[in-house]
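Written out below as structure tokens is the structure these notes cover.
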Amino acid sequence: MVGFEDTVTGKEHVALVCGDVSGDAPVLARMHSECLTGDSLFSLRCDCGFQLQEALRRISEEGRGVLLYLRQEGRGIGLLNKIKAYHLQDQGADTVEANEQLGFAADMRDYSLCLPMLKHLGIQSVRLMTNNPRKVKALEAAGVTVAERVPLQVGKNRHNEGYLQTKMGKLGHMMQDEHFRDQE
Ligand SMILES: Nc1nc2c(ncn2[C@@H]2O[C@H](COP(=O)(O)OP(=O)(O)OP(=O)(O)O)[C@@H](O)[C@H]2O)c(=O)[nH]1
Ligand SMILES: [Zn+2]
């Protein structure tokens, strides 16, 4: 585990490294955005916790990989604003509308720290586990070489169906129903 401090925001990030990640071969990688509720408190409203577990499982199975745990809670709006967004969602807003009602863009994340983190770890290119093509684009724009996008579809359940639908419909996530491993 390697810790990093973002001197601009003061946020502390973590990299979990498995095996020898040096060399030319692209490294299996997950850039995971913090979700306290899903990652640590077992919330079923989203798929974050399931994706975190599955990404770590695949990395350990491969014996080589990296997970950057990025402190961008609530797609960058922070935990308390995400809780407010959840209240709005309980009154009928979807995840994008709730952000907008609070005065935020749908996705406020910033991936500029990923390149220096990967460089520090000696990682030249990644096989990125994500369903989000905008994340691939944002990382490439930040200078990260993404050799391949690896789908990460896990954790669909009856509580997050609408949330996943909005990610596909409004945020451009590439997910196919038949590829989901359900979680009840
Ligand atoms: N604002 C807001 N953020 C949310 C909500 N649900 C989850 N999040 C945050 O969304 C982030 C995860 O982003 P997602 O859009 O689920 O997935 P992604 O990282 O873009 O894409 P993948 O790589 O495929 O997981 C985490 O920071 C969560 O805290 C919500 O309803 N509102
Ligand atoms: Zn989540």
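The values are calculated or read from the model by the stated rules, or taken from the named source; none is laboratory data. Note that this is a predicted model, so its numbers are computed, not measured. Cβ: placed from backbone, ideal geometry, glycine included. Neighbour counts: every protein chain shown. Heavy atoms of the whole protein, side chains included, go into the accessibility calculation; ligands, DNA and RNA do not. Shrake-Rupley method; radii C 1.70, N 1.55, O 1.52, S 1.80 Å.
Points worth noting:
- Consider the stretch 35-59 and keep the residues that are away from ligand 2 (no atom under 11 Å from the Cβ) and not hydrophobic (A, V, I, L, M, F, W, C). The one that is surrounded by the fewest Cβ atoms within 10 Å (Cβ to Cβ) is R57.
- Enumeration of residues in the stretch 1-29 that are part of a loop (DSSP other than H, G, I, E, B) and among the acidic types (D, E): D6, D20, D24
- Some residue of the stretch 76-87 being of a type outside the set (F, W, Y), under 27 Å from R127 (Cβ atoms) and either at pLDDT 95 or above or open to solvent by less than 10 Å² (accessible area, probe 1.4 Å) (or both): yes
- Residue in the stretch 127-137 that is open to solvent by less than 70 Å² (accessible area, probe 1.4 Å), over 13 Å from the mean Cα position of the chain (by Cα) and either within 16 Å of ligand 2 (Cβ to nearest atom) or not small (G, A, S) (or both) present: yes
- Among residues that are within 15 Å of ligand 2 (Cβ to nearest atom), within 17 Å of T166 (Cα to Cα) and more than 19 Å from the chain's Cα centre (by Cα), Q101 is not included.
- Note on the stretch 153-184: among residues that are assigned to a loop (DSSP other than H, G, I, E, B) and aliphatic (A, V, I, L, M), the one that is modelled with the highest pLDDT is M174.
- Annotation: D110 fulfils all but one of (1) farther than 15 Å from V154 by Cβ; (2) under 15 Å from the mean Cα position of the chain (by Cα); (3) within 12 Å of ligand 2 (Cβ to nearest atom); the unmet one is (3).
- Residue list for the stretch 60-75, restricted to those being charged (D, E, K, R), in a helix (DSSP H, G or I) and open to solvent by 30 Å² or more (accessible area, probe 1.4 Å): E61, E62, R75
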